[in-house]
Amino acid sequence: MPRISEKIESVQTRLLNAAQYAELPLLLAVSKTRSADDIQEAATCGLIHFGENYLQEALPKIAALKNLHLVWHFIGSIQSNKTTDIANHFDWVHTVDREKIARRLSEQRPETLPDLNLLIQINIDTEDSKSGVRVEDLSTLAEAISSLPRVKLRGLMAIPKPRTDYAEQLAVCQRVRTEFERLQQLYPEIDTLSLGMSADLEAAIEAGSNLVRIGTDIFGARPAHNQAEN
Ligand SMILES: *Cc1c(COP(=O)(O)O)cnc(C)c1O
């Protein structure tokens with residue numbers, strides 16, 4: 001099996017090809033279920049941004065790697081009893097989908113830290129089971145977040161349901177992009193569209209994503225997560 005460093009090189013080549021001489025998207029390495037050693041190896045290859053989904057698993061890794069000064073993104077679903085730890089240990093949160101959560105993150109973000117960067121997750125496929133705000137409720141949530149102290153609304157995130165056809169991937173990514181631009185009209189300072197994973201990063205970048213979240217294609221196939229450990 002290729003080493004993490006070779007996998008990162010191949011992902012970076014895909015990013016270069018997809019971006020076609022335009023600005024490269026930020027590469028967020030999704031490190032859920034990976035060891036601190038794997039993360040350290042990826043950091044040695046120059047990666048700085050890491051995404052975690054499960055708080056209990058993430059906190060010891062963040063503590064163990066403190067000296068590397070990595071940037072930590074919370075990308076899992078958020079229960080309201082977890083917001084204190086998120087507000088204290090992360091730099092970005094991609095999965096804000098209700099005002100209550102944004103309000104708690106704002107109240108709990110220590111004043112000694114820089115503002116917490118927030119992305120609103122939209123439920124672009126309108127799946128009942130999925131988290132994310134519905135498109136029609138996006139403006140209301142954005143307005144609520146934009147008035148909160150110690151957090152900064154930076155943009156949008158989406159997890160479209162898996163599709164194998166490129167044209168279909170592109171179409172859904174473009175719908176996310178349209179919502180992003182609509183939001184940017186209202187809040188010109190937002191600058192981040194978090195869209196694209198291992199299987200659809202090319203379509204996401206063609207649609208204008210500037211932050212891709214890549215797990216499998218950096219670290220290899222994932223072992224199953226034990227939900228009881230959340
Ligand atoms: C796991 C995960 C990813 C990475 O997915 P891969 O297909 O392994 O690249 C990206 N975003 C979120 C929100 C995830 O939970």
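Just a few scattered comments:
- Under 27 Å from the Cα of Lys7 - lysines, other chains or at least 8 residues apart: Lys32, Lys61, Lys66, Lys161
- Mean-position separation - Cα centroids, the stretch 112-167 and the stretch 58-92, in angstrom: 18
- Dimensionless Rg over Rh [the chain; C-alpha; Kirkwood]: 0.94
- Accessible area in the full protein assembly, largest first, 1.4 Å probe, for Ser5, Ser209, Ser77: Ser77, Ser5, Ser209
- Full extension of the chain segment joining Val71 with Glu23 gains 15.3 nm, where the gain is 0.36 nm per residue of separation less the Cα-Cα distance.
- Only the Cβ atoms of Lys and Arg (+1) and of Asp and Glu (-1) were treated as charged; on that basis the dipole of the chain about its Cα centre amounts to roughly 400 debye.
- Stretched out straight at 0.36 nm per residue, the stretch from Ser139 to Asp37 would grow longer than its current Cα-Cα span by 32.6 nm.
- Accessible area (Å², 1.4 Å probe, nearest 10) - Ile124: 10
- Per-residue ellipticity at 222 nm, computed for the chain from helices alone with -39500 (n - 2.57) per DSSP H run of at least four residues, works out to -12000 deg cm²/dmol.
- The residues of the chain present an accessible area of 49 Å² per residue when probed at 1.4 Å with all protein chains retained.
- Of the residues Gln174, Thr140, Ala204, the one whose Cα sits farthest towards the positive end of the charge dipole of the chain is Thr140 (charges of +1 on Lys and Arg Cβ, -1 on Asp and Glu Cβ, taken about the Cα centre).
- Residue separation of Arg222 and Leu186 scaled by 0.36 nm, minus their Cα-Cα distance, works out to 9.1 nm of gained length.
The values are calculated or read from the model by the stated rules, or taken from the named source; none is laboratory data. Here the structure is a predicted model, which means the values were calculated and not measured. Ideal geometry is used to build each Cβ from the backbone, glycine not excepted, and the neighbour counts take in all protein chains shown. Accessible surface areas use protein heavy atoms only, side chains included; no ligands, DNA or RNA. Shrake-Rupley method; radii C 1.70, N 1.55, O 1.52, S 1.80 Å.
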